[in-house]
Amino acid sequence: MREARLVGSLKYRNLRYTKNHPLRIPRVSLLLEFLDAIDLITEEEKVEGRPATMEELLLFHDREYIETLIEADRCQCVPKGARERFNIGSYENPVSPAMFRGSSLATGSSIQTAELFLEGYTAFNPAGGMHHAFRDRANGFCFINDPVITIEFLKRRGFGKILYLDLDAHHCDGVQDAYYEDDSVYVFSLHQSPEYSFPFKRGFLEERGSGRGRGYNLNVPLPKGLNDTEFLFVLEKSLTYVRDVFDPEVYVLQLGTDPLLEDPLSKFELSNVGFLEAFRLVRDFLGEGVYLGGGGYHPIALARAWTLIWCDISGREAPQKINPSGRKVLKDVEWEEFDDDVDRSYMFELLKDPPRGGEVREEIKDLISKVKALVYS
Ligand SMILES: [Zn+2]
């Protein structure tokens, strides 16, 4: 079995988004503290993340855009014209230490993760997966598109058939745009339908890519209230079809935790057990890949879900109960959005949620028939 590595850093504690932003919460630093507290990681398994170099950032982004991000970070202000031109400094994409320093650290860490994978490790960068950023424009809380830069890195290492698989509750518009006309990268995403969710204009089934060969782009837009059974049904069917027409040499998996029920920014209702099963299903189908984080706006739900993923990657049995020191780490999180009306005490007691399975709705079965026809057309 491959040895496991988690690429992270406690530096993210001080590289946060600004007040009131959904990403102001602790994420990677919380995960690291939690894993330490419940004794599920060794020092050897931790790899300190490094920032991306300019050369790496330019594998995808325009120089002027990156230089503007650096300038905005330096002054912690919005450079003249940057808001209109680069979408920097809005409520959605605010100037903060997370904007460039945090994103650059996450991007360097994604490249480290791919390097570790190529060296024979199984590696996970929970800070990665910022899938909305465009070549010259911030979008959806994302400034630097580390999945695209990771894919570009893999291409330069000689890979000619790369699958990008995105389990985040939101469509990966930045990644889709980057590879819409590129037959060497298949972009496959399950997400909330853009009819009711960000990014609204992209992520429809009809967007198939326009490369010279088949359309190597697959969007599966899903209805509100998605349960574990439905998510796994859709993933298994779709992945069967995709793998049939595109056998990848390597794949990059985005593991945003916002499909979980507790997440305040999505309408899906997965348990972390369903989320873990989805991860297992992907590994069963495709073997090991390059694992990145993604969205996730409930700090406790996120830390628990990625802990389960990490246990699987590192070959550990996940404990049932959260020990007192782990509980303390979770209880110490300051977050004004803990919902007082719902009893979420289970999140502090047990690592796994109760399963949230159910019927597969007819509309989802119909959708999968369409997906099948489309993939093979
Ligand atoms: Zn998301």
* To do: Report the residue, chosen from Phe338, Phe231, Phe153, that carries the largest GNM mean-square fluctuation when the chain is represented by alpha-carbon nodes joined by springs under 10 Å.
  => Phe338
* To do: Enter the accessible area of Asp341 (Å², nearest 10), with the probe set to 1.4 Å and all protein chains included.
  => 140 Å²
* Pop out the carbon and sulfur fraction of the accessible area of the chain as a percent, whole number, probe 1.4 Å. => 48 percent
* Structure fact -> Quick tally, 1.4 Å probe accessible area for Thr113, Thr18, sorted with the most first, runs Thr18, Thr113
* Structure fact -> Placing each pseudo-label 7 Å from Cα in the direction of the beta carbon, Asp343 and Asp62 end up separated by a distance in nanometres of 5.5 nm
* For the chain, what is the calculated [θ] at 222 nm in deg cm²/dmol (nearest 500), taking -39500 (n - 2.57) for each run of four or more DSSP H residues and dividing by its residue count? -> -11500 deg cm²/dmol
* To do: Principal axes first, then extents: for the Cα atoms of the chain, list largest minus smallest coordinate on each axis, whole Å, largest first.
  => 56, 53, 42
* Structure fact -> Taking N as the residue count of the stretch 135-280, its alpha carbon Rg divided by 2.2 N^0.38 Å gives 1.00
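For Arg202, Arg156, give me the order by solvent-accessible area with a 1.4 Å probe, most accessible first, ignoring ligands, DNA and RNA. The partial results should precede the final answer.
Numbers: Arg202 75, Arg156 145 Å².
Order by accessible area, largest first: Arg156, Arg202.
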* Stokes-Einstein D for the stretch 80-199, Kirkwood Rh over Cα pairs, 10 °C, 1.306 mPa s (µm²/s) -> 105 µm²/s
* Asked: Reachable lysines from Lys331, Cα under 19 Å, same-chain residues fewer than 8 places away excluded?
  -> Lys321, Lys352
* Asked: Over what distance in Å are the Cα centres of the stretch 330-364 and the stretch 154-172 separated?
  -> 29 Å
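Sort Leu218, Leu261 from largest to smallest accessible area, using a 1.4 Å probe on the heavy atoms of the protein chains. All intermediate terms of the calculation are to be shown ahead of the outcome.
Working: Leu218 0, Leu261 60 Å².
Per-residue accessible area, sorted high to low, gives Leu261, Leu218.
For Asp244 and Arg74 in one chain, what is 0.36 nm times their gap in residues minus the Cα-Cα distance, to one decimal in nm?
Working: separation 170, 0.36 × 170 = 61.20 nm, distance 4.82 nm.
Full extension of this stretch gives 56.4 nm more.
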* Diagonalise the Cα gyration tensor of the stretch 298-360 and give the resulting equivalent ellipsoid semi-axes, square root of 5 times each eigenvalue, largest first, whole Å. => 20, 18, 11
* Asked: How much accessible surface does Cys75 have with a 1.4 Å probe, in Å² rounded to 10?
  -> 40 Å²
* Which residues' amide hydrogens lie under 5 Å from the amide hydrogen of His191, considering only partners 5 or more residues apart or on another chain, with H built in the peptide plane? -> Val220, Leu222
* Quick one: compute the contact order of the chain, relative version, from alpha carbon pairs under 8 angstrom and 6+ residues apart, as a percent. => 18 percent
* How much accessible area does Ile66 have with a 1.4 Å probe, in Å² rounded to the nearest 10? -> 0 Å²
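Roughly how many Å² is the accessible area per residue of the stretch 300-360, as a whole number, for a 1.4 Å probe? It would help to have the intermediate numbers written out before the result.
Details: 3270 Å² over 61 residues.
On a per-residue basis, the stretch 300-360 sits at 54 Å².
In square angstrom, what is the accessible area per residue of the stretch 120-238 with a 1.4 angstrom probe?
I get 30 Å² per residue for the stretch 120-238.
The values are calculated or read from the model by the stated rules, or taken from the named source; none is laboratory data. Computed from a prediction, not measured in an experiment: that's the story for all the values here. Cβ: placed from backbone, ideal geometry, glycine included. Neighbour counts: every protein chain shown. Note: accessible area is taken over every heavy atom of the protein model, side chains too, but ligands, DNA and RNA are not part of it. Shrake-Rupley method; radii C 1.70, N 1.55, O 1.52, S 1.80 Å.
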